[in-house]
Amino acid sequence: MSVTIKQISELCGVSRGTVDRVLNNRGKVKPQTEQKVREVAQKLGYKPNMAGKALAARKRDLVIGVVLAARGNAFFDDVLEGIRGAGRELSDYGVSVNVHTMKGYDVNQQCKLIREIGRNVNALIVNPINDPKVASEINRLTECGVCVITLNTDIEGTQRLCYVGSDYILGGETAGGMLGLLTQGQAQVGIVTGSIKILGHNQRITGFRNIIRKKYPNIKVADIQQTNDDDDQAFIKTEEMLRIHPEIDTIFIVAAGVMGVCRAAQKFHPNNDMTIVCFDKTPSSEQMLKAGIVKAIVCQQPFTQGNKAVHLAYDYLVSGKKPGQDSFFMKSEIKIEENL
C-alpha cells in the first residue's frame with residue numbers, strides 16, 4: 001500500500017499543505033520542519049506519483065531562469081546553445097527558459113539579477129561569483145522553494161541543488177601536465193586568469209600548482225594577472241607582465257582573453273618560441289592553435305553543460321527528487337593542431 005501525504009502529515013504533526021510544499025519544493029518551510037518531513041517520508045518509503053506529477057507539470061507553466069556572466073565571452077556561446085536547445089525540447093511540457101547575461105564579475109549586479117529573476121521562476125541556473133553576497137541571494141531563493149543549480153563554476157556556502165560543469169582541479173592538473181611535457185619540465189610561467197572572484201578559476205590554478213610541485217619542480221610561476229575575461233584587459237595585463245618579467249617563456253591562460261594574451265606574447269616573442277596552453281575551443285583559441293601560437297587547448301563540453309543543467313532543473317521540478325549526485329563533471333578533452 002502506497003504511503004500518502006496525509007499519513008506523513010499526521011506523523012509529523014503538520015498540515016498536509018506543509019508536507020506537500022516540502023515534498024514538491026514549493027514555498028517556504030522552516031528548516032527543522034522540512035528535515036522532519038523528509039526523514040519521515042524516507043523512512044516510510046514515500047514515492048511521488050510520477051505520472052501525476054508529469055501531468056501536473058503539463059498543466060502549469062514552469063519557468064527556469066538563467067543568469068550567466070557570458071557577455072563578451074565566446075566560450076558561453078555553446079553553453080547558451082545547450083540551454084536553448086533544452087528549452088526547445090521541454091517547451092511542449094509548458095517549460096519556458098529565460099536567459100539573462102551580464103559582462104564581467106560585478107557582485108552587486110549579479111545579486112540584483114538573481115533577486116529580480118528569482119521572483120518569477122521555479123528554478124534558477126547561475127554561474128555564480130564566489131562571494132558571500134551572492135551565496136546569500138542563492139540561499140534566500142532556496143529557502144523560498146526555488147531550485148538553484150550552479151553552472152560552469154560553483155560557489156561555496158550555499159544550499160544549491162547541484163553543480164554542472166568542469167572539474168576545475170583536474171583541468172588545472174591537466175594543463176600542468178601538458179606544460180610539463182611541452183617544456184620538458186623547465187619553464188618560467190606567467191599565469192593569466194579571469195578573476196579571483198570565480199571559484200573555478202582559482203581551482204584551476206590550484207590544480208596546476210599541485211602538478212608542478214609534485215612532478216615538475218623546475219617549473220616556476222613568475223607572476224599571475226587577472227583579465228576579467230576581457231581581451232583588451234588581457235593584452236594590457238600580459239604586456240605589462242612580460243615587460244616586468246622578461247624571463248617568462250611560458251603562459252598558462254586559465255580562462256578567457258586568449259586573443260589578447262597572444263597578441264601581447266607575439267609582441268615580445270614574434271617567432272612563436274613561447275609555450276602557451278589555454279582552455280576552451282573558441283574561434284579565437286582555434287585560430288591561435290592553427291597559427292602555432294597556442295600549443296594545446298583543454299576543453300570542457302560547454303553545450304552539454306548548458307543542456308544538462310536545464311534538464312536537471314526540470315526533472316527536479318517534476319519529481320521533487322534530488323539528483324543522485326552533488327556534482328556533474330564534464331570530461332576534459334585535449335585539443336592540439338592535429339586533432340582540432
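Specify which of the listed residues (Gly306, Gly257) is buried (at least 23 other Cβ atoms within 10 Å of the Cβ) and touching a Gly at 6+ places or on another chain (Cβ under 6 Å). None of the others qualify; the one that does is Gly306. Yes or no: Arg213 in a helix (DSSP H, G or I) and under 15 Å from Val294 (Cβ atoms)? No; evaluated as a whole, the condition is false for this residue. Residues of the range 134-189 that are of a type in the set (Asp, Glu) and part of a loop (DSSP other than H, G, I, E, B): Asp154, Glu156, Asp167. Applying the condition of being more than 25 Å from the chain's Cα centre (by Cα) and among the polar types (S, T, N, Q) to the range 268-286 and asking which residue is farthest from Gln226 (Cα to Cα) yields Asn271. Of all residues in the range 216-267, those that are more than 26 Å from the chain's Cα centre (by Cα), outside any helix (DSSP H, G or I) and under 17 Å from Glu286 (Cβ atoms) total 0. A Cβ distance below 6 Å, combined with a sequence gap of six or more or placement on separate chains, defines the contacts here; from the range 204-215, residues that are of a type in the set (A, V, I, L, M) reach residues that are modelled with pLDDT of 95 or more in the pairs Ile211/Glu173; Ile211/Gly176; Ile211/Gly177; Ile212/Gly176; Ile212/Ile219. Only one entry of Val258, Val277, Val294 meets the criterion of being assigned by TED's automatic domain parsing to the domain that holds Gly180, in contact (Cβ under 8 Å) with a residue 60 or more places away in the chain, farther than 30 Å from Val121 by Cβ and not aromatic (Phe, Trp, Tyr), and that entry is Val277. Please list, ordered by first then second residue, the pairs with beta carbon atoms under 6 Å, 6 or more apart or interchain, first in the range 174-189 and closer than 15 Å to Lys220 by Cβ, second of a type in the set (Phe, Trp, Tyr) and not in a helix (DSSP H, G or I). Close Cβ pairs (under 6 Å, with a partner that is of a type in the set (Phe, Trp, Tyr) and not in a helix (DSSP H, G or I)) amount to Gly180/Tyr216; Gly185/Tyr216; Val189/Phe252. For the range 140-158, the count of residues that are touching a His at 6+ places or on another chain (Cβ under 6 Å) and among the hydrophobic types (A, V, I, L, M, F, W, C) is zero. Taking every residue in the range 321-334 that is in the same structural domain as Asp20 (by TED's automatic domain parsing) and pairing it with any residue that is at pLDDT below 90 and surrounded by 13 or more Cβ atoms within 10 Å (Cβ to Cβ), at least 6 positions away or on another chain, yields no pair with a Cβ-Cβ distance below 6 Å. Can you say whether Val66 is in contact with a strand residue (DSSP E or B) (Cβ under 7 Å, 6 or more places away or on another chain), crowded, with 23+ Cβ neighbours inside 10 Å, modelled with pLDDT of 95 or more and outside any loop (DSSP other than H, G, I, E, B), as far as the supplied structure shows? In short, yes.
Just so you know, in the range 306-340 the residues that are within 30 Å of Ile293 (Cβ to Cβ), in contact with a helix residue (DSSP H, G or I) (Cβ under 8 Å, 6 or more places away or on another chain) and part of a helix (DSSP H, G or I) include one that is modelled with the lowest pLDDT, and it is Glu337.
Per-residue answers, yes or no, for (1) over 15 Å from the mean Cα position of the chain (by Cα); (2) at negative phi; (3) crowded, with 18+ Cβ neighbours inside 10 Å:
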| position | (1), (2), (3) |
| --- | --- |
| Val97 | yes, yes, yes |
| Gln110 | no, yes, yes |
| Glu116 | yes, yes, no |
| Leu124 | no, yes, yes |
| Asn127 | no, yes, yes |
| Lys133 | yes, yes, no |
| Arg140 | yes, yes, no |
| Cys147 | yes, yes, yes |
| Gln159 | yes, yes, no |
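The values are calculated or read from the model by the stated rules, or taken from the named source; none is laboratory data. Every value quoted in this text rests on a predicted model; they were computed, and no experiment measured them. Note that we place each Cβ from the backbone using ideal geometry, even for glycine, and neighbour counts take in every protein chain shown.
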